[in-house]
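Worksheet for the structure shown next.
Only the coordinates and a few stated rules stand behind these numbers; no lab work does. Here the structure is a predicted model, which means the values were calculated and not measured. Here the Cβ is made from the backbone with ideal geometry for all residues, glycine too, and neighbour counts use every protein chain on show.
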Amino acid sequence: MRLSHLFFTTLRDDPAEAEMPSHRLLLRAGYVRQLGAGIYSLLPLGFRASKRVEQVIREELNAIGGQEMEMPVVHPADLWRESGRYDAIGPEMARFKDRGDRDMVLAMTHEEVVADLLRDIVRSYRQLPFIVYHFQTKFRDEPRSRGGLIRVREFVMKDSYSCDRDEAGLDVAYWAHHRAYTRIFERLGLDTVAVSSDVGMMGGSLAHEFMFLNPAGEDVLVLCEACGYAANRQVAPTVAPEPVAEDLHPVEEVETPNVTTIDALAAFLGVPSSRTAKATFFVTGDGRFVVAIVRGDYDVNETKLVNAIKATGGIRPATVEEITARGMVPGYGSPIGARDSVVVVDALAARSPNLVAGANRTGWHLRNVNVPRDYAPDVTEDIANVREGDACPGCGAPVILRNGIEVGNIFKLGTKYTAALGAEYLGEDGERHPIVMGSYGIGLGRNVACIVEAHHDDKGIKWPEEVAPYKAHLVALGANKNPEVTTIAERLHDLAAAAGPQHEILYDDRDESPGVKFADADMLGMPWILTVSPRSLEAGGIEVKHRETGDRTVRPIADIEAFLEGRASLGA
RNA sequence: CGGGGCGUGGCGCAACGGUGGCGCACGUGCUUUGGGAGCACGAGGUUGUGGGUUCAAAUCCCACCGCCCCGACCA
């Protein structure tokens, strides 16, 4: 590909809106352009990078027996009504009517379509198991996109679906995917950790997320360096030192003017925050008002809270009006005196004696509040966020917390969708059984962005060879001093193109200064930068720069020809 | 949806009541050619949209639209 004809442009200045390195570099190097909030075009370079990622995924899924297919982006709403998700999912699903006034949706994922195909096609246990997958556009109208390609609204995802006779079969498919994902992210140059995770709206019994460790990640991971324990903090059990037993003291009121936070309360009373109880207030999607109590040194984990009370439709923070209407005072709140509320107490808080809690009276707290003596919880569960240094649930060593970006996930769905849609097979036993499904996703664009996050320097991108849009970037310099430069460069370019699409290279044939060409080559990030110039010819051939290491050598033209035709590597 | 910020040429920015400018990028010519070259000439904007105030609005006011950041949210 000649740079003079490539549909792209590089930018000298950083775009103002790009904060993450991957976003900044992908814009500056001409890989992507933004169309709207969370909606991007992939320019030819970005498209090629995405296709390289796609091919790695394809190879590894084929290796576990996956069959590639393609399902539609537009679905009839009735299909989603059958699974119950048409109503369960909120505004993040785009809905519209077709010309016949029929309700339609844009696909967020494809479990329903797979289940629909299963009930159409699968009759007998003899047809199971199998794995199907596709690369297809998803639209999720996220309330807020961010970070360039990291979190977008429209994106292409590889989603695969395993279809089995039973749980044992699902288990095999699930762990096959786990191993395939491990290989995929290794090949993509992404250092990931697989963490156990919440099943969320997908439903199901077991799930892992593959997390790329990055400070900008939106998920918090609980990791143990001693035993390898790894979980999303949403689901990691909190293991805290057992509170020291004490006699229960009588409740006493204490005046605490203008003390509305735990920090202020602990400082004012001269007690550690672990001797206080923190009340937070939520309203569930199904309309219940929830008072959640954790110890003052912990935060509420909303995922655990949702699961503890089986809140369909999730939860949101309560408004001041909703809190006061139930007889509580924000800043001085506690379940004592609460009306019409579901009281959920963290198990640790419930075991901790003589805590300071709100008095539901402005300017006052209560000392020596104890559960269940002073109020009765409706639910007592672990609903606290793990803190750094808490004990590992696996081995007891102190855990560390890290941020991660979810680059892939695997779910054991079970029969949630097949039972709802009636996708059954006739078993060897002569009985009808619902097909057992698993669902497995990898977002392409997010992976491209994460690869850039992991592989760049201040000059630009440094693509791993496995995903580079082109294997090499050829720079021709000083053609006016020595016309042979152009002749050789043209020949190398044509040679590579003739060797097949996978050997094609980028050829900077533009009439630009050496500085511009080198700067652009570094920014675009191909693994090998080849320079033909009077100087390199003088030195015996072509200068070869390894983008990753920065090493430069001069190699004979014959070596370069062998490399471009795929007959030899250049070594590292 | 709450909080904050910003919309001026392709990109980055200035002008903050008196008919819009700079750097880079872009075009032409000459010079230059191993790390973002030089000179000259030139093209490119109904200042996001609509209303209002004013003799006069990019500038002040209102509404809307859009984008970014924090939060809520998120398979």
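Some notes on this structure:
- Sites A:ALA267 and A:THR312 - FRET efficiency at Förster radius 35 Å, r taken between beta-carbons, to 0.05: 0.30
- Classification of segment A:416-572 by its C-alpha gyration tensor yields a prolate form. The axis ratio a/c (a ≥ b ≥ c) is 1.5 or more, and a/b outweighs b/c.
- In Å, descending, principal axis extents of the Cα set of segment A:196-318: 49, 42, 32
- Using the rule -39500 (n - 2.57) for each DSSP H run of four or more residues, divided by the residues of chain A, the 222 nm mean residue ellipticity is -7500 deg cm²/dmol.
- Gyration tensor (alpha-carbon) shape descriptor, segment A:483-570, a/c threshold 1.5: rounded
- Flagged links, alpha-carbon separation over 32 Å, of A:LYS138/A:LYS517; A:LYS51/A:LYS412; A:LYS158/A:LYS471: A:LYS138/A:LYS517
- With a cut-off of 14 Å between beta carbons, the residues surrounding A:VAL271 carry a summed charge of 0, where Lys and Arg count +1 and Asp and Glu -1.
- Each 5 Å bin from zero up to the one holding the largest Cα-Cα distance in segment A:57-130 carries the following percent of pairs: 3, 12, 21, 19, 16, 13, 10, 5, 1.
- Each part gets one Cα centre, and for segment A:437-490 versus segment A:47-98 those centres are 29 Å apart.
- Convex hull volume of the Cα atoms of chain A, normalised per residue: 204 Å³.
- Free-standing Cys, chain A [no other Cys Cβ under 4.7 Å]: A:CYS163, A:CYS450
- Alpha-carbon Debye profile of segment A:351-440, log10 I(q)/I(0) at 0.24 Å⁻¹: -1.19
- Hull-based mean projected area of segment A:59-98, where the convex hull spans the alpha carbons, in square nanometres: 4.5 nm²
- Full-extension gain in nm, A:ARG123 to A:GLU70, via 0.36 nm per residue minus C-alpha separation: 16.9 nm
- Dipole of chain A computed with +1 at Lys/Arg Cβ and -1 at Asp/Glu Cβ about the Cα centre; of A:VAL329, A:GLN127, A:HIS456, farthest Cα towards the positive end is A:HIS456.
- For the listed peptides A:142-150, A:410-418, A:295-303, a ranking on the average number of other beta carbons within 10 Å per residue, highest first, reads A:410-418, A:295-303, A:142-150.
- Simple rule: put +1 on each Lys or Arg Cβ and -1 on each Asp or Glu Cβ in chain A, find the dipole, and look at A:TYR174, A:SER569, A:GLY46; the Cα lying farthest toward the positive end is A:GLY46.
- Gyration tensor (alpha-carbon) shape descriptor, segment A:57-216, a/c threshold 1.5: oblate
- Placing +1 on the Cβ of every Lys and Arg and -1 on the Cβ of every Asp and Glu, with no other charges, gives chain A a dipole of roughly 680 debye about its Cα centre.
- Segment A:507-537 versus segment A:282-300: alpha-carbon centroid distance in Å: 59 Å
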